[in-house]
1. What value, in deg cm²/dmol to 500, does the helix sum -39500 (n - 2.57) over DSSP H runs of n ≥ 4 give at 222 nm once divided by the residues of the chain?
2. Report the net charge of residues surrounding VAL121, where surrounding means a beta-carbon distance below 12 angstrom and charges are Lys +1, Arg +1, Asp -1, Glu -1.
3. Around LEU110, under 12 Å between beta carbons, what's the net of Lys plus Arg minus Asp minus Glu among the other residues?
4. For the charge dipole of the chain, defined by +1 on Lys and Arg C-beta atoms and -1 on Asp and Glu C-beta atoms about the Cα centroid, which residue among CYS18, LEU45, VAL270 has the Cα displaced farthest towards the positive pole?
5. If you plug each phi of the stretch 16-31 into the Karplus form 6.51 cos²θ - 1.76 cosθ + 1.60 with θ = phi - 60°, what whole-Hz ³J(HN,Hα) values come out, in order, with x for Gly and Pro?
6. Using 17 Å as the cut-off for backbone N distance, which residues of the stretch 127-141 belong to the label zone defined by a point 7 Å from the Cα of ASN191 along Cα→Cβ?
7. How much accessible area per residue does the chain have, counting only protein heavy atoms and a probe of 1.4 Å, in square angstrom?
8. When the Cα atoms of the chain are enclosed in a convex hull and the volume is divided per residue, what value in Å³ results?
Amino acid sequence: MKFTKMQGCGNDYVYVNCFEEKVDSPEELSIRISDRHFGIGADGLILILPCENADAFMQLYNADGSSDTMCGNGIRCVAKYVYDHGLVPSDRRTLKIDTPVGMHELELTLGNDGKVSSVCVDMGIGSVNSDMPEDIHVHDMDLKFIGINVGNDHAVYFTDENPILKGIHTWPDSKFASEGDYFERHKRFPNRINSEFIEIISRREINMRVYERGSGETFACGTGSTASVFAGVTSGRLDRNHDVTVHLRGGDLKIRVDDDNRCFMTGPAVEVFNGEYKA
């Protein structure tokens, strides 16, 4: 099986061009290839599939083999692959990528080498699915979160109203991983949850650390960044109709929420290497 390793702000996946390849048992394959010691190493597996109504269909599997509905960093890399590998004409600068939660339009920016360097994604209209905020008790901590859906579900924790979390961005990886599991699997979220921890720097700049459902801590999360800025805008912490810079472990993303609550994400997409895997 031929594959391509790609990353957006360090959020890395193994991509398979299913215009040419056939993947059996993708759930099991994602577990094997995601292993960073015995596999390729990734946050999961993304299949790029043919689609009648779009340039491609994106299907995502997390590192634990569970399927998911949307990945912001992943869809930017899908767009880069589709353009750079000639699945669309070279004069195209906009693409449509379908997902399990609907169609997304993407605008491409090319670098000096003629390949895609960054992508702006219409992430759709965000929605709040909790109280503003909602109380929650997580592993001996009384906290407040805002629940957001941007194609998948997120729980956003602002450190300004959760003083016990103010040092979370400097927690050792081992501590963050052990605590993160309590957040992901809390009984409030029967299907598990993506958790974002946000430090406000200014009305147009935040720091974010993320614990993703099915993958643990990742270097970046595009939907999580979108959800966090949307939560910040709707709670009055961040500016609407302006790019908000989200600082992640793997780099920066720009998120904008317009008057209709439509969200736009802009960030890099990088092809790391190509290879063959004995599936």
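1. Details: 4 runs with 47 residues, N = 279.
Mean residue ellipticity, 222 nm, calculated: -5000 deg cm²/dmol.
2. On the way: positive: ARG76, LYS80, LYS96, LYS254, ARG256, ARG262; negative: GLU105, GLU107, ASP122.
Net charge around VAL121: +3.
3. Details: positive: LYS80, ARG92, ARG93, LYS115; negative: ASP84, ASP91, GLU107, ASP113.
Neighbourhood net charge equals 0.
4. Farthest along the dipole direction, towards plus: VAL270.
5. 10, 7, 7, 5, 10, 9, 10, 10, 9, 6, x, 4, 5, 4, 4, 4
6. 127-130
7. Values: 11910 Å² over 279 residues.
Using a 1.4 Å probe on heavy atoms only, each residue of the chain averages 43 Å².
8. On the way: hull volume 35.3 nm³, N = 279.
Given the Cα convex hull of the chain, per-residue volume reads 127 Å³.
The values are calculated or read from the model by the stated rules, or taken from the named source; none is laboratory data. On a predicted model such as this, the values are computed, not experimentally measured, just so you know. Backbone-built Cβ (ideal geometry, glycine too); neighbour counts: all protein chains shown. Calculation scope for accessible area: heavy atoms of the full protein, side chains included, ligands and nucleic acids excluded. Shrake-Rupley method; radii C 1.70, N 1.55, O 1.52, S 1.80 Å.
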